[in-house]
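Written below as structure tokens is the structure these notes are about.
The values are calculated or read from the model by the stated rules, or taken from the named source; none is laboratory data. What you see is a predicted model; the values in this text were computed from it and never measured. Reconstructed Cβ throughout: ideal geometry from the backbone, glycine too, with neighbour counts over all protein chains shown. For accessibility, only protein heavy atoms count, side chains too; no ligands or nucleic acids. Shrake-Rupley method; radii C 1.70, N 1.55, O 1.52, S 1.80 Å.
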Amino acid sequence: MRVKRIADINELRVNDIPYVGGKGANLGELTAAGFPVPNAFVLTTVAYDHFMEKSGISAEIWDALDSIEEGSDQSLMDASAKIRDMFERHEIPADLKKEILSSYKDLFPEGKKSFVAVRSSATAEDLPDASFAGQQETYLNVFTPEDLLDKVRKCWSSLFTARAIAYRDNQEFAHEDVKLAVVVQRMVNSDASGIMFTVAPNGGKDEMIIEAGFGLGEAIVGGEVTPDMYVLNKGLMEISKKRLATQKWKYVRGPTGATKKADVPKEQQKAQKIEDRFIIDLASIGRHIEIHYERPMDVEWCIEDGKIYIVQARPITALGDVPSTPAIESPVADVLVTGLGASPGMASGTVRFYDEGMSLDVIKKGDILVTTMTMPDMVPAMTRAVAIVTDEGGMTCHAAIISRELGTPCVVGTGEGTNILRDGMVITVDGSSGTIYSGDIMKEGDKPTEQQTVSAPYVPVTGTKIMVNMSMPTKADEVAKLPVSGVGLMRSEFLFTSFIGEHPMRIVTEGRSAELVAKLADGIGKVARAFHPRPVILRTSDFKTNEYRDMKGGIDFEPVESNPMIGWRGCSRYVSDNYREAFICELRAIKKVRDEMGMKNLWVMLPFVRTIEEVEEITQMMRSAGLKRGKDLKIYFMAEVPVNIFLADQFAEYCDAFSIGSNDLTQLVMGVDRDSDILGRMGYFDERNDGVKRAISHLIKVAHEHGKEVCICGQAPSVYPEFAEFLVREGIDAISLNPDAVLRTKTMIASVEQKMLLEAAMRPRAP
């Protein structure tokens, strides 16, 4: 599919993230589903690439990024300023300017030009496991064509703000893998605005939270004001609790269009920000958005002249399912200040006060960051803090979102934290209850034991093994707390894009194989160590040629294929002279983790297996690397090519288990390019198709006849409960799920297994 430089919001869907970023894709999805979204168009990543190509600044950008000194915020800010200046010095190409201004004119079909919001939309943004909240720029009340073009360029350059660079490094996203689209949307002049969580961030799945404030929404998103908070019972759709806040000022559109602060009239400052009828209407919209996406959502909304608009929706990136520390009800310590518990957990440390204009370097690793409110620029310091306390903000402000994502205890909306807490004080922050205590009550001698209570969900036991899919080694310790039997799929591709960042054959040909092995082993080892002794099944690299070409140096080693999905990928690469040495480095890294690190729980899975001959050759390569299949080293084959199903009896001789890749299997059984927007929208790509299910049933039957296990690591059981039930009834041995789906799917599987036992008991016995 040819992607245009500019796309109307009506053309977009959620799977268009690679071209229009998270914000643009979600707005398109919401529009198509009939939700009230203001008109918009999007400059796609093709437009960004066009600007980058014509300006020729890419090499200078990578040089500036390479110059950043580890641990130096000043070096980070200097590099950011240098890169952003590069964008400022280059004009948008004339042909692209013309397209932008034409789309801007078409945005107002009535012919009356009006204000727009210009919003950055990065391709790594609003994802299920990383929100990238506030990392790129947004510009409100843009009016003139000249200002629009300037703000587009500023949005592009905001991909390289210091906070965005630091955030990507912390989340281990390779800089070259992230591009930026720009959303240009009709500006809603909000009377009130806010954020809605379709589940309570601290784990109340039966509750919905709406936060509201007067004026434009930037004050709430940025944590500059403490909003009203309304809690609703989702089942009854009734308001169960209100927490009204005092708001003395708001953001409004000024007479010249620029956004400015305005005083809230004194008689309104303590008033409820929106009427109950709007709260209920918003909750209804939020519930339908959650149903549409089939997952908890974070929704930004606004109200203009009595009409509700949805201006953003994204998956909630962190929920308090498994508290990292017990909640303490009555510790023996003085309470210094209270606020809103925005991110669960407890931590003790030294207060470090931060105010605007200070160097972020004052926040050292292990400090507790205390500030009026956090801003996106503060992310580098937030990653070093063990806890965060703010005067302003609600459950959905920047500090709350980032803290939950980092797993850092956080209390917001204290109102007076910066006045009561002093630099150098030792305190304990309880992010579950919203309480800050004097001293270090985390010390064993001071911590109460009788009154500790752990709030954890009931997790049933299942006969079907439940495992988890993993990509990010930095999340391993957190995900390892889930009640799973191990990692059913660890994607090695993430290690290449984030830990390494360049084409593996480039590294090999430059004589840096030892560096490649060390980096791979480090990332793999983090996951294996977190889950030990539970097994971690590592799928060796399965990039397609187009994905490899996008890596640094990739163009020198990769051909151009018309259909990379069924091209040179998986095992066919490993046996090729053009890639063999890179695969040997992967094997050496696996050997290093298993032998030198002692992580014998690391097993191997081969992707896109096509022939017995390539399996035999790869088996010999593994033996040469000291990796011999046996009791403590299991070999899995991905079952994703129809030949794996038809010849399962033959492939079974060379492996211990099969793991179904439902995405590729569906693609090849149905003859449907899984990246095709047209066929996807027409409903052709569906793992629940009877043909796909018959293939899976056949594989399970034949594998079991040969004493081999079958698991599934594809997306389908995480998304479709009925598909998970089908797998259990067919006798699958293990199901590997996305982390956010583990608890609910395990509960559902336990119910299915119980139902099957009852059905068996009710069957008439043969005489």
Worksheet entry | Selected residue [within 21 Å of L633 (Cα to Cα), under 30 Å from the mean Cα position of the chain (by Cα), open to solvent by less than 70 Å² (accessible area, probe 1.4 Å) and small (G, A, S)] from A589, A582 | A589
Worksheet item: Quick one: how many residues across region 271-287 are in contact (Cβ under 8 Å) with a residue 12 or more places away in the chain, open to solvent by 10 Å² or more (accessible area, probe 1.4 Å) and out of contact with any Gly (no Cβ under 9 Å at 6 or more places or on another chain)?
Response: 8
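Conditions tested, residue by residue: (1) open to solvent by less than 50 Å² (accessible area, probe 1.4 Å); (2) under 31 Å from the mean Cα position of the chain (by Cα).
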| position | (1), (2) |
| --- | --- |
| E218 | no, yes |
| V225 | yes, yes |
| V231 | yes, yes |
| L236 | no, yes |
| K241 | no, yes |
| Q247 | yes, no |
| G254 | yes, no |
| G257 | yes, no |
Fill in: F658 being buried (at least 22 other Cβ atoms within 10 Å of the Cβ), part of a helix (DSSP H, G or I), among the aromatic types (F, W, Y) and at pLDDT 95 or above
no
Worksheet entry | Single residue of A130, A122 found to be modelled with pLDDT of 55 or more, under 21 Å from the mean Cα position of the chain (by Cα) and over 25 Å from A258 (Cβ atoms) | A122
Practice prompt. Keeping to region 139-191, report how many residues are in a loop (DSSP other than H, G, I, E, B), of a type outside the set (A, V, I, L, M) and in contact (Cβ under 8 Å) with a residue 24 or more places away in the chain.
Written response: 8
Response to the item:
Residue hits (region 329-364; at pLDDT 90 or above and in a loop (DSSP other than H, G, I, E, B)) are Y354, I363, K364
Worksheet entry | Verdict on F87 being farther than 17 Å from K179 by Cβ and among the aromatic types (F, W, Y) | no
Fill in: Lone qualifier among E267, E211 - being modelled with pLDDT of 90 or more, part of a strand (DSSP E or B) and among the acidic types (D, E)
E211
Worksheet, complete the sentence: In region 338-347, residues that are open to solvent by less than 30 Å² (accessible area, probe 1.4 Å) and of a type in the set (S, T, Y) total 1
Discussion item. For region 288-310: of the residues being surrounded by 14 or more Cβ atoms within 10 Å (Cβ to Cβ) and aliphatic (A, V, I, L, M), which is farthest from D228 (Cα to Cα)?
Written reply: I289
Response to the item:
Out of (1) over 22 Å from V479 (Cβ atoms); (2) modelled with pLDDT of 80 or more, the one V742 does not meet is (1)
Discussion item. Residues that are under 17 Å from A695 (Cβ atoms), among the hydroxyl-bearing types (S, T, Y) and modelled with pLDDT of 95 or more: does region 627-639 have at least one?
Written reply: no
Worksheet entry | Residues of region 47-87 satisfying the condition of being under 21 Å from L149 (Cα atoms) and open to solvent by 70 Å² or more (accessible area, probe 1.4 Å) | E53, K54, K82, D85
Discussion item. I'd like the full set of residues that are modelled with pLDDT of 85 or more and among the aromatic types (F, W, Y), limited to region 141-189.
Written reply: F143, W156, F160
Fill in: Residues (under 15 Å from N663 (Cα atoms), touching a Leu at 6+ places or on another chain (Cβ under 9 Å) and among the aliphatic types (A, V, I, L, M)) located in region 695-736
A695, I696, I712, A716, A724, I735
Discussion item. Condition first: surrounded by fewer than 22 Cβ atoms within 10 Å (Cβ to Cβ) and free of Cβ contacts under 8 Å to residues at least 60 places away in the same chain. Now tell me which residues in region 356-390 satisfy that.
Written reply: E356, G357, M358, V362, K364, K365, G366, D367, T372, R384, V386
Practice prompt. Mind checking which helices (runs of 4 or more DSSP H) fall wholly inside region 1-93 and carry at least 3 residues that are at pLDDT 90 or above and in contact with a Leu (Cβ under 8 Å, 6 or more places away or on another chain)?
Written response: 17-32, 45-55
Worksheet item: Just for helices (runs of 4 or more DSSP H) wholly inside region 455-539: which have at least 2 residues that are without any contact (Cβ under 8 Å) to a residue 60 or more places away in the chain, of a type outside the set (F, W, Y) and open to solvent by less than 40 Å² (accessible area, probe 1.4 Å)?
Response: 513-531
Fill in: Listing of helices (runs of 4 or more DSSP H) fully contained in region 573-653 that carry 2 or more residues being in contact with a Gly (Cβ under 9 Å, 6 or more places away or on another chain)
580-591
Discussion item. For region 739-759, which positions are β-branched (V, I, T) and open to solvent by less than 40 Å² (accessible area, probe 1.4 Å)?
Written reply: V742, T745, I749, V752
Item to complete: Determine the pairs where a residue that is on the phi < 0 side of the Ramachandran plot, located within region 56-69, has a partner that is assigned to a loop (DSSP other than H, G, I, E, B) with Cβ atoms under 8 Å apart, the partner being 6 or more residues away or on another chain.
Response: I57/H90
Item to complete: Assess whether K248 counts as being under 30 Å from T414 (Cα atoms) and of a type in the set (D, E, K, R).
Response: yes
Discussion item. I need the full set of residues from region 97-110 which are in a helix (DSSP H, G or I) and either in contact with a Phe, Trp or Tyr (Cβ under 7 Å, 6 or more places away or on another chain) or open to solvent by 20 Å² or more (accessible area, probe 1.4 Å) (or both), in order please.
Written reply: K97, K98, E99, L101, S102, S103, K105, D106
Worksheet item: Would a scan of region 678-685 turn up a residue that is within 25 Å of R295 (Cα to Cα), within 23 Å of the chain's Cα centre (by Cα) and modelled with pLDDT under 90?
Response: yes
Worksheet, complete the sentence: All-but-one check, P296 against (1) touching a residue at least 24 places away in the same chain (Cβ under 8 Å); (2) out of contact with any helix residue (DSSP H, G or I) (no Cβ under 7 Å at 6 or more places or on another chain); (3) not aromatic (F, W, Y), failing number (2)
Fill in: Filter pass, S736 being open to solvent by less than 30 Å² (accessible area, probe 1.4 Å), out of contact with any helix residue (DSSP H, G or I) (no Cβ under 9 Å at 6 or more places or on another chain) and outside any helix (DSSP H, G or I)
no
Worksheet item: Inside region 691-722, can you point out the residues that are modelled with pLDDT of 90 or more, part of a helix (DSSP H, G or I) and within 16 Å of T666 (Cβ to Cβ)?
Response: G691, V692, K693, R694, A695, I696, S697, H698, L699
Item to complete: Can you give me the number of residues within region 714-730 that are in contact with a strand residue (DSSP E or B) (Cβ under 8 Å, 6 or more places away or on another chain) and not hydrophobic (A, V, I, L, M, F, W, C)?
Response: 3
